Structures are given as C-alpha cells and as structure tokens.
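Report on one structure; see the data block that follows.
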Amino acid sequence: MLFSCENEMSTIQSLTVQDTLATESAKNIVAHYSDSGLLKAVLESPELLKYSGENPRMIFPQGIHVFFYDSIEELSSEIQSDYAIRYENEKVMEVRKNVVIFDHKKGKELNTEVLYWDQAKRIIYNNAFVTIKENGRIMHGDSMRADENLDHFELFQVRATIDIVEEDTLK
C-alpha cells in the first residue's frame with residue numbers, strides 16, 4: 001500500500017509568512033513616563049497597535065497627544081497629531097497630519113504635516129512646510145531641524161513676517 005499527499009505551493013508559503021496583524025492593541029490609552037520618580041511625560045491616544053518581529057513599532061492610527069513636564073513637574077510643552085508611529089529599533093517617532101507643538105515656557109508654536117523625533121540624537125526634523133509662531137512673529141520654511149526642546153532651530157527656504165520700526169532721521 002502506498003500513500004501520498006499533495007499541497008499547493010501557495011498553501012505552503014502562507015504557513016511561513018510573518019503575521020501582519022498587531023501583536024498587541026489597546027484603546028483609550030494614557031501612559032505616564034517618569035524618571036527617578038519625577039513625571040516626564042503623559043501620552044494619550046484613542047488607539048495603539050503594537051507590532052513585533054524584525055521591525056517592531058507602535059502605531060497610533062488615531063493620533064497622539066503628549067504632555068511634557070519639567071524638573072518641577074510643571075507642563076512645559078505638548079505635541080499632538082492625527083497619526084503617529086514609533087520605530088522601536090531606530091528610536092524614532094514620526095508624527096503626521098495636523099502636527100502641532102506648543103512650548104508653554106517660551107510661547108512658541110510649531111505647525112506642520114510631518115515631523116520626525118530622533119530620540120537617540122535628541123533632535124526633531126522634517127522636509128515639509130513648517131510654520132513657527134514666536135513672540136508675535138511668524139516664520140515659514142520648507143523644512144526644519146532643531147534640538148528636541150526647540151531652543152535652537154534652523155528653517156530652510158525661510159519666509160517671515162518682520163516688523164520694521166522707522167525712525168525719523170530728519171530731526
């Protein structure tokens with residue numbers, strides 16, 4: 001007696017394909033981040049999808065709102081967007097769609113459609129149109145690079161609104 005079995009190649013390949021579904025998911029999350037007992041940040045999001053494997057990442061398909069606190073736990077800045085993804089291996093956060101950063105200490109606001117935060121290098125950057133409002137001034141650029149605290153930033157292809165004060169030199 002002789003037995004044999006047969007499988008379609010597509011069936012065999014489907015058994016070895018990595019799963020594209022999230023390994024974890026959560027709704028209406030609020031995550032507190034602290035260091036040495038001091039609150040550093042609070043992240044809020046309606047939804048989190050976490051993926052593992054070769055390219056581990058956390059996706060926030062409905063956006064994020066993150067509050068950052070200073071050394072005396074006062075709100076110093078916040079960021080919000082309609083979509084975000086954190087690449088775990090690279091330690092880079094990408095935020096997209098209606099990105100707004102408020103710096104409450106300096107009275108600064110940044111608006112753009114995409115922004116990258118390299119947590120290892122402690123910088124933020126993009127290659128998209130950006131608007132920065134500070135002390136009644138409005139600056140626009142086609143891309144930007146800054147330290148993560150927005151203390152020092154570079155705008156490229158700058159356009160700005162500048163107040164000019166004329167003095168009467170004929171006196």
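The values are calculated or read from the model by the stated rules, or taken from the named source; none is laboratory data. Predicted model only: the values in this text are computed from it and were never measured. Quick reminder, even Gly has a Cβ in these numbers, built from the backbone with ideal geometry, and neighbours come from all protein chains shown. Surface accessibility is based on the protein's heavy atoms, side chains included, excluding ligands, DNA and RNA. Shrake-Rupley method; radii C 1.70, N 1.55, O 1.52, S 1.80 Å.
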What is the spin-label model distance, in nm, from N111 to D151 if the labels are put 7 Å beyond Cα along the C-beta direction?
2.8 nm
FRET efficiency, 1/(1 + (r/R0)^6) with R0 22 Å, evaluated for K50 and V92 via beta carbons
0.85
Run down the lysines and flag those whose C-alpha is under 30 Å from the C-alpha of K133, throwing out any fewer than 8 positions away in its chain.
K40, K91, K97, K105, K106, K108, K121
Per residue, how large is the accessible surface of region 64-114? Use a 1.4 angstrom probe and give square angstrom.
48 Å²
How many percent of the accessible area of region 41-145 is carbon or sulfur, using a 1.4 Å probe?
49 percent
Local net charge near K97, Cβ-Cβ under 10 Å (Lys/Arg +1, Asp/Glu -1):
-1
Could you point to the residue in N111, V130, A84 farthest towards the positive end of region 46-167's charge dipole, with +1 and -1 charges on the Cβ of Lys/Arg and Asp/Glu respectively?
A84
Local electrostatic count at H65 - Lys and Arg +1, Asp and Glu -1, tallied over other residues with Cβ under 11 Å
-3
Using 0.36 nm times the number of residues separating V158 and L39, minus their current alpha carbon distance, what extension gain do you get?
39.2 nm
Surrounding charge for V114, neighbours by C-beta under 13 angstrom, Lys/Arg +1, Asp/Glu -1, total -2
Could you tell me the ratio Rg/Rh of region 16-74? Both radii from Cα atoms, Rh via Kirkwood.
1.11
